[in-house]
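See below for the structure under consideration.
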Amino acid sequence: MKVETLIIGAGAAGMMCAAHAGPGALVVDHARAPGEKIRISGGGRCNFTNLHTSADNFISQNRHFAKSALGRYTQWDFIALVDAHRIPWHEKTLGQLFCDTSAKDIVALLRAEMARAGADLWLDTHVGEISHAGTEFTARLTRDGREITVAARNLVLASGGKSIPKMGATGFAYQVAAGFGLPVVTPRPGLVPLTFSDDRFRPLAGVATPARVTAHGTGFDEALLFTHRGLSGPAVLQASSYWCEGDPISINLTPGTDLLAALQQHRHSDGRKALTTILSQYLPARLVDYLKDGFNLLGTMADQGDARLAALCDALRDWQVTPSGSEGYRTAEVTLGGVDTSALSSQTLAAKTVPGLYCIGECVDVTGWLGGYNFQWAWSSGSAAGQAIRQG
Ligand SMILES: Cc1cc2nc3c(=O)[nH]c(=O)nc-3n(C[C@H](O)[C@H](O)[C@H](O)COP(=O)(O)OP(=O)(O)OC[C@H]3O[C@@H](n4cnc5c(N)ncnc54)[C@H](O)[C@@H]3O)c2cc1C
């Protein structure tokens, strides 16, 4: 059987690509349903883009690479598409846009756009050996127990990263890309909770507090959540994408507060009160109790000299802890690394050395922050490749 374009992966990027590629596209996926990650994303409401999307919100060995695709198909383009499908949405926080009703609305949108473009979708399809000769790719597929060989002029790798293997995530795109000689930046889990082998935060499990969490010089002001195994919450997930094993992270527990001035004021007005009592006005009481020994939070407010208060505030602004690891691909929202952008055109996502081969979405070494950026990359890269294929 012959098709114009074979797209491997019916996720966000693959479906978007099919919607733009025009007739003759076949999308195959080993899952039983398309867009499963879309369905579960954003707590079932899909954080489908971010109003503030720019290339600065992405991690890649080439931080300029994403600019072209993001500029060709912007967050405004996707919002217009969502509006055209009459899907109600709202901004939650920090420019993050969510469906009012259900993430399934986005999956339905993509299926409708694919059907409109004349693309076919084969689910429950196993992809075996892939080869390339002349101007044609050949893929051995297994569907309904039957082996089918599909020949295609274009091959699009849209099978995502390794995150959440339980949902069918595989390193397939990396293997195929490497097989075609494309370099691959070593994949690793991103947007993932950090763990501590000594379970030191177990007594704090469930405590949340606003914080600025910094890894490798990049910091995020969002919520920090203590868990049985370590640290989570948006601030930690964001920082985890910048964290390297063995390095400490810095936690500012009092972002945006002039704690020193406040404590000096309390020393005048609440001199007899315990330091821990006053600190509990600024931090969760369980956290203050936990920090009591390590931070030497003894005595009353009147006992605290200026130097002591300044040292305490410094320590609370730069609490250094060294995670022993992360929860890994089991819970990571994304996979960092992937097909090296140096091997791809930033305008079309086509491989420079293999005509007709495209890599899009999460399998590329472009990883967004938490907040709708990863889907926007899927829409932008999928549309860039799809349009290039259509213009052929
Ligand atoms: C729990 C969770 C919540 C998330 N929430 C958000 C959010 O709210 N906003 C946001 O921007 N991002 C979110 N993300 C990230 C986002 O889901 C991904 O970045 C995005 O789905 C990547 O799109 P993709 O099309 O490249 O890959 P995917 O969506 O992962 O699609 C890849 C497809 O390829 C298929 N596939 C894989 N291997 C094979 C194979 N060997 N053969 C055939 N098919 C294969 C898979 O079944 C899948 O359908 C979330 C991720 C997770 C895990």
Inter-label distance, nm, simple model (7 Å from Cα along the C-beta direction), residue 314/residue 123:
6.0
Work out from phi, with θ = phi - 60° and the Karplus expression 6.51 cos²θ - 1.76 cosθ + 1.60, the ³J(HN,Hα) of each residue of the stretch 77-92, listed in order in whole Hz, and give x for Gly and Pro.
5, 5, 4, 4, 5, 4, 5, 4, 8, 6, 8, x, 9, 8, 8, 8
Given the chain, what count of lysine pairs have C-alpha atoms under 21 Å apart, with each pair 8 or more places apart or on different chains?
8
Whole-Hz Karplus ³J(HN,Hα) for the stretch 158-166, in order, using 6.51 cos²θ - 1.76 cosθ + 1.60 and θ = phi - 60°, x for Gly and Pro?
9, 8, x, x, 9, 5, 6, x, 4
Quick one: Cα centre-to-centre distance for the stretch 338-354 and the stretch 311-335, in angstrom?
33
The alpha-carbon center of the stretch 203-250 and that of the stretch 105-125 are separated, in whole Å, by 38
Explain nothing, just compute: Karplus ³J(HN,Hα) = 6.51 cos²θ - 1.76 cosθ + 1.60, θ = phi - 60°, for every residue of the stretch 323-335 in order, whole Hz, x for Gly and Pro.
x, 8, x, 9, 6, x, 4, 4, 10, 4, 6, 9, 10
Stretched fully, the stretch from residue 86 through residue 307 gains (0.36 nm per residue minus C-alpha distance, one decimal, in nm) 73.6 nm
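Using the Cβ atoms and a cut-off under 13 Å, what net charge is assigned to the surroundings of residue 70, where Lys and Arg are +1 and Asp and Glu are -1?
Neighbourhood net charge equals +1.
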Ranked by accessible surface with a 1.4 Å probe, highest first, in what order do 327, 136, 333, 245 come?
245, 333, 136, 327
Would you mind putting 186-195, 274-283 in packing order, based on average other-beta-carbon counts within 10 Å, highest first?
186-195, 274-283
Hey, what D do you get for the stretch 159-304 in µm²/s if you plug the Kirkwood alpha-carbon radius into Stokes-Einstein at 37 °C and 0.692 mPa s?
183
Approximate shape of the chain as ellipsoid semi-axes (Cα gyration tensor, √5λ), whole Å, largest first:
48, 20, 17
Under a 5 Å amide H to amide H cut-off, with H placed in plane at 1.01 Å, what residues pair with residue 357 once short-range neighbours are removed?
155, 351
Leaving out ligands, DNA and RNA, what percent of the accessible area of the chain is carbon and sulfur, probe 1.4 Å?
50
Kirkwood hydrodynamic radius of the stretch 236-392, Cα pairs, Å:
19.7
Residue of 377, 319, 243 that the Gaussian network model of the chain assigns the largest fluctuation, springs spanning Cα pairs under 10 Å
319
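Compute the relative contact order of the chain as a whole-number percentage, counting only Cα pairs closer than 8 Å that sit 6 or more residues apart in sequence.
Details: 911 pairs, mean separation 98.8, N = 392.
Reported as a whole number, the value is 25 percent.
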Let me have the relative contact order for the stretch 299-392, percent, based on Cα pairs under 8 Å that are six or more residues apart.
22
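The values are calculated or read from the model by the stated rules, or taken from the named source; none is laboratory data. What you see is a predicted model; the values in this text were computed from it and never measured. Don't worry about glycine lacking a Cβ; one is built from the backbone with ideal geometry, like all the others, and counts go over all protein chains shown. Calculation scope for accessible area: heavy atoms of the full protein, side chains included, ligands and nucleic acids excluded. Shrake-Rupley method; radii C 1.70, N 1.55, O 1.52, S 1.80 Å.
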